[in-house]
Amino acid sequence: MPDLLLELRSEEIPARMQRKAAGDLRKMLTDGLVEAGLTYEAAREYWTPRRLALDIRGLTARSKDIREEIKGPSTTAPEQAVQGFLRKAGLSSIAEAHVHSDPKKGDFYVAHISKPGRAAEEIIAELVPGIIKSFPWPKSMRWGPASAKPGSLRWVRPLQSIVCTFGPETEEPVVVDFEIDGIRAGNVTYGHRFHAPGPITVRRFDDYVAKLEAARVVLDADRRKEIILHDARNLAFANGLDLVEDEGLLEEVSGLVEWPVVLMGEFEQDFLTIPGEVIRLTIRANQKCFVTRPQGAGEALSNRFVLVANIEANDGGKEIAYGNGKVVRARLSDALYFWKTDQSDLPDLDQLAGSAAKFDLNLKKPLDQRMARLDHLNVTFHAKLGTQGQRVKRMGRLAQELAPIVGADSALVARAAVLAKADLQTEVVGEFPELQGAMGRKYALLQGEHPSVAAAAEEHYKPQGPSDRVPTDPASIAVALADKLDTLTGFWAIDEKPTGSKDPFALRRAALGVVRILIENRIRLALTSVFAKAFANFKDGTDQSSDLLAFFHDRLKVYLRESGARHDLIDAVLSAGSRPISPLVGEMSAKPTEGGAVPPASHSVAPGQSPNDDLLQIVRRVEALGSLLETDGGKNLLAGTKRAANILAAEEKKKTAVAETVEPALFREDAEKKLYAAVNQAEKEAGQAIQNEDFSAAMLALSVLREPVDSFFEGVLVNDEDQAVRANRLALLARIRTATDQVADFSKIVG
């Protein structure tokens, strides 16, 4: 079977685009080949800064001949229908069609279409230019005199050459001949820009890889990553250091070099007074270099860094390392200035007294000054939601409401909320926005804040993704919830909700963060009452608690499904959640906080509160329901209750009379009496268990219905001829539905 080699060589492709572009090229070409009637055994993409390459193995040499029949209209059909058939079949006149007969339908037209197969080279030559011209680069450019013409070639960087060879291993491959804007496909490529700039003739993939390697080009990006990581670790170890590994940086650097050469640079020890995060980001962002640590020194960094060059220099890389060191020193000088400036008094300190009084700030402290300035400058959070200062005020009020629920000290929460956004006015965060929160924590500790206040400055942003940890300190939890809930209610109040795939304000992430904080910290919270307080902070907005709660249910479904829960069980619990529950909602599980204290229980939900706004209770119900349905008794109970619900629904649809209450005097069968007694007992015990927040016990109470339900359907005819008896038996079925609806809507469960 023949193999296909394709290489598109250009000027340097941005590293962030390479992996996706190679995958897009593979998909576009293989999809096109299959659509054209070819098959292949395997396909793999490769990329370097200057080329995208494909290796497609076992490609069929020719597409199959196609013979098909297209059925047309009756021979007596109107002319309009006949013309439509001709267009569909590609016939020029009805004379080219055949007439078939059917004993029932009569005579009708049929087109016999025959398409001969095509050579793979012909298909490839037709496909590749179209793929190149329509390639989905995030950004592309034109170049050269021809670029002025409409429809001229666009590519991410100027395209320089194309290699396209095709053939079996046992024969000399052919060059698939095509041209695009003056670039003709061939079998010649070029190696490393400096080490081997001359032309290289290639035949198929194996010798292509070998010749590129000899020309100082490592084609496989994953292998380049392995080389960089291996050499960097060894170089650091040889110097008594440990490499601080960074997968994102490793991916980026592997896309900047075709022939990786790992070197070590250094900077002055004095710069180590800067926080390690700032040093690391400075070196990473500006020079794409890795930092190191002394072996056994914990988190402290060393003054050595690892860089990756794209050339083997004659001096062993000394000048390259020295040049990188000069740039790193200049950047770290800036960072040191920012770090020191942030700990000094602001030049406009005399203008901040009003804001300081508003937030009860101490202007002798640097971080307090930054918060006062954030308010004084009226920095906008959102045009319709006010300034950052107004937002901090709202967060503070909401965090105070949440403090007793999560077992946090009210004074610490108030202080944490007012300082949470202060580092947005620091020089370091201005230079490195990704350090917001982390710098707030450092500056808070430097000015002597309580550790919980400092932790909240960083942790109130968490979790920022599914792999990020949730805050566990009670003060951090209160401020994190207040921050996210203020954001969500604010954007709901101004009707700026996520739509489809668009979520510019990351509201889905904020809601999922709330879900994770509540569930993973085992916090009971009545969301609708919190929503009401949060919506009240927006004078011009409207309370949309119901819609926002539905949004939270969607995020909870995502969270639970990713945790392995069945979607139908989640829907069943949510559907049944409109029934009133116990007022005992609001406690946090009694586990020690980071400070060693055990948070007190809290009861924040009024009697009659719906359990659907208590996410932890929903999770517990889903877990208990899942455990029940794993047993034979649970499966049989499900079958019986669904049968009861289906019969009841069918009769209700037919408007059959259903008694308002069950009348025991109308019972004729022992099975009715036993089911009635069992339902009464199960409903009472399940209801009490729910009042006690013991959902496993509630499920167990319902499970005893299994046998009497089965016996009822075996020995009792629901649709009795006596209308009163029938209405009474349907009412008994309704009692089964009511009893089980206390924990879940069994009709939503698959099975």
Determine whether region 363-370 contains at least one residue that is out of contact with any Leu (no Cβ under 8 Å at 6 or more places or on another chain), surrounded by fewer than 24 Cβ atoms within 10 Å (Cβ to Cβ) and closer than 21 Å to A532 by Cβ. no
From S410, S452, residue being touching a residue at least 24 places away in the same chain (Cβ under 8 Å) and either closer than 12 Å to V479 by Cα or of a type outside the set (A, V, I, L, M, F, W, C) (or both): S452
Among the residues of region 553-570, is any among the β-branched types (V, I, T) and either open to solvent by less than 10 Å² (accessible area, probe 1.4 Å) or closer than 15 Å to E401 by Cβ (or both)? yes
Matching option when the condition is farther than 27 Å from F338 by Cβ, among the basic types (K, R) and touching a residue at least 40 places away in the same chain (Cβ under 8 Å), among R233, R216: R216
Go over the candidates S152, S114, S161 one by one and state the one that is assigned to a loop (DSSP other than H, G, I, E, B) and either under 28 Å from K64 (Cβ atoms) or open to solvent by less than 40 Å² (accessible area, probe 1.4 Å) (or both). S152
Kindly indicate the residue of region 220-271 that is open to solvent by less than 10 Å² (accessible area, probe 1.4 Å) and more than 23 Å from T282 (Cβ to Cβ) and also farthest from the chain's Cα centre (by Cα) among those meeting that condition. E258
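Conditions tested, residue by residue: (1) closer than 21 Å to K442 by Cβ; (2) without any contact (Cβ under 8 Å) to a residue 40 or more places away in the chain.
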residue	(1), (2)
L229	no, yes
V244	yes, no
E252	no, no
E266	no, no
Q269	yes, yes
P275	yes, no
V278	yes, no
Q287	no, no
G296	no, yes
Quick test of your reading of the structure: A686 fulfils all but one of (1) in contact (Cβ under 8 Å) with a residue 24 or more places away in the chain; (2) closer than 29 Å to D571 by Cα; (3) surrounded by fewer than 17 Cβ atoms within 10 Å (Cβ to Cβ). Name the failing condition by number. (3)
Does R415 satisfy the criteria of being farther than 26 Å from D345 by Cα, open to solvent by 10 Å² or more (accessible area, probe 1.4 Å) and either of a type in the set (F, W, Y) or in contact with a helix residue (DSSP H, G or I) (Cβ under 6 Å, 6 or more places away or on another chain) (or both)? no
Selection from region 29-52 of residues that are β-branched (V, I, T) and either part of a loop (DSSP other than H, G, I, E, B) or crowded, with 16+ Cβ neighbours inside 10 Å (or both): T30, T39, T48
Limited to region 164-179, what total is found for residues that are open to solvent by 10 Å² or more (accessible area, probe 1.4 Å), in a loop (DSSP other than H, G, I, E, B) and either of a type in the set (G, A, S) or out of contact with any Lys or Arg (no Cβ under 8 Å at 6 or more places or on another chain) (or both)? 3
Flag for V743 being crowded, with 19+ Cβ neighbours inside 10 Å, touching a Lys or Arg at 6+ places or on another chain (Cβ under 7 Å) and outside any helix (DSSP H, G or I): yes
Quick check on P136: is it free of Cβ contacts under 8 Å to residues at least 12 places away in the same chain, open to solvent by 20 Å² or more (accessible area, probe 1.4 Å) and assigned to a loop (DSSP other than H, G, I, E, B)? no
Please specify each residue of region 702-718 satisfying the condition of being open to solvent by 10 Å² or more (accessible area, probe 1.4 Å), within 45 Å of the chain's Cα centre (by Cα) and among the aliphatic types (A, V, I, L, M). V704
Give me a count of the residues in region 17-61 that are under 22 Å from P2 (Cβ atoms), among the β-branched types (V, I, T) and in contact (Cβ under 8 Å) with a residue 40 or more places away in the chain. 2
If we ask which residues in region 453-463 are of a type outside the set (A, V, I, L, M, F, W, C) and open to solvent by less than 20 Å² (accessible area, probe 1.4 Å), their number turns out to be 3
Applying the selection to region 498-530, what residues are assigned to a loop (DSSP other than H, G, I, E, B), basic (K, R) and either open to solvent by less than 60 Å² (accessible area, probe 1.4 Å) or out of contact with any helix residue (DSSP H, G or I) (no Cβ under 9 Å at 6 or more places or on another chain) (or both)? R524
Among the residues of region 456-490, count how many are more than 20 Å from A444 (Cα to Cα) and basic (K, R). 2
Residue by residue through region 531-545, note down the ones that are in contact (Cβ under 8 Å) with a residue 12 or more places away in the chain, of a type outside the set (F, W, Y) and open to solvent by 10 Å² or more (accessible area, probe 1.4 Å). A532, K533, N537, D540, G541, T542, D543, Q544, S545
If you go through N187, N286, N239, the only one that is more than 25 Å from Q18 (Cβ to Cβ) and of a type outside the set (F, W, Y) is N239
What residue, among those in region 646-683 that are acidic (D, E) and crowded, with 18+ Cβ neighbours inside 10 Å, is farthest from the chain's Cα centre (by Cα)? E672
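The values are calculated or read from the model by the stated rules, or taken from the named source; none is laboratory data. What you see is a predicted model; the values in this text were computed from it and never measured. We place every Cβ from the backbone using ideal geometry, glycine too, and count neighbours over all the protein chains shown. In case anyone asks, the SASA skips ligands and DNA or RNA and just uses the protein heavy atoms, side chains included. Shrake-Rupley method; radii C 1.70, N 1.55, O 1.52, S 1.80 Å.
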